[in-house]
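Just so you know, all these numbers are worked out from the coordinates, no wet-lab data involved. Since the structure is predicted, the reported quantities are computational estimates derived from the model, not experimental observations. Because the Cβ atoms are built from the backbone with ideal geometry, glycine has one as well, and the counts that use them run over all protein chains shown.
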Amino acid sequence: MGYAAVLLGPLILLAVILLALAIERRHPLEQQPAGASRFNLAYMIIYAASGAMLAPLTAIVTVRLVNAAGGGLIDLDASGWMLVPAFVVYALSMDFLEYVFHRVQHRVPAMWAMHSFHHSDAAMNASTTTRHYWAEAGIKALSIYLLAGILFKTNLAILGMYGVLGLYHVFPHMNVRAGFGPCWMLFNSPQYHRIHHSAQAEHFDRNFAGLFPVFDWLFGTHHIPRAGEYPPTGLDTGKAPASLLDTLTWPVRK
């Protein structure tokens, strides 16, 4: 049952990514090389497998530590209409932790060595969503997810709602011309997030937010895209994996 749940998540995410790719073909921001998404889709198998293998270990460690901390310091185990404010608190808190983690990924050399794989995609599209170095899932589970478990006592409803919300991460990576204009602070968008993936130095270390750009605004890391501003993506060095084998040792490759 546990492994079924682990495998179901990537399958749902894959379906959403395939739908997004179909939309991109009809309304592309830029014309990308044929098969630009094939590498990422193939890599998703490695990424999903690594997550499935890490899940049992991280779950055991997390549960033990959370139980030792009392099972959650802040009670968000709500039901009925109270689910709404409880979920909002949980979603905002989790996205703040994701924001902090993302800042660390760009600041700490060892973390950037892994995270740069995500930024190495010069043809960013919906399939880039899961283009993360395979070891990062375990690091995140034992850091921000562990902290969230210590801070909050939640229920399956809230966790399920947050899981569905997580599918939204596909949208900001899409190769489409879409943004929220003056309402940019409310939700991440393809234009806003493309700035973060930009290969141009003026955009480096900007727009870290995963879901809610308000955190970029609060901490001064926002860059409000100008009308029609969709910069090229990828690493400024042009570095990118040449094969799936390269992805396994990406952090130590020159």
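Data table
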| item | result |
| --- | --- |
| Local electrostatic count at T154 - Lys and Arg +1, Asp and Glu -1, tallied over other residues with Cβ under 14 Å | -1 |
| Among (i) 18.6, 59; (ii) 27.3, 94; (iii) 18.2, 54, the entry that matches Rg and Dmax of the Cα atoms in Å as calculated here | (iii) |
| Three-way shape call for the stretch 87-187 based on the alpha-carbon gyration tensor, with the a/c threshold at 1.5 | oblate |
| Lys, Arg +1 and Asp, Glu -1 on Cβ, resulting dipole of the stretch 183-254 about Cα centre, debye, nearest 20 | 160 |
| Proxy reagent accessibility, fewest Cβ within 10 Å first, across W81, W134 | W81, W134 |
| Value of relative contact order over the chain, rounded to a whole percent, pairs C-alpha under 8 Å and six or more apart | 25 |
| Label-point separation in nm, V108 to L186, each point 7 Å along Cα→Cβ | 3.5 |
| Pair V164, A49: separation of 7 Å Cα→Cβ label points (nm) | 3.3 |
| Mean Kyte hydropathy of 1.6 or more with a Cα span along the axis of at least 18 Å, helices from DSSP in the chain | 2-26 |
| The chain, helix-only ellipticity at 222 nm - DSSP H runs n ≥ 4, -39,500 (n - 2.57), divided by all residues, nearest 500 | -17000 deg cm²/dmol |
| Size of electric dipole in the chain: Cβ of Lys, Arg +1 and of Asp, Glu -1, about Cα centre, debye, nearest 20 | 340 |
| Fewest-first ranking of M82, M124, M161, using other Cβ atoms within 10 Å as the exposure measure | M82, M161, M124 |
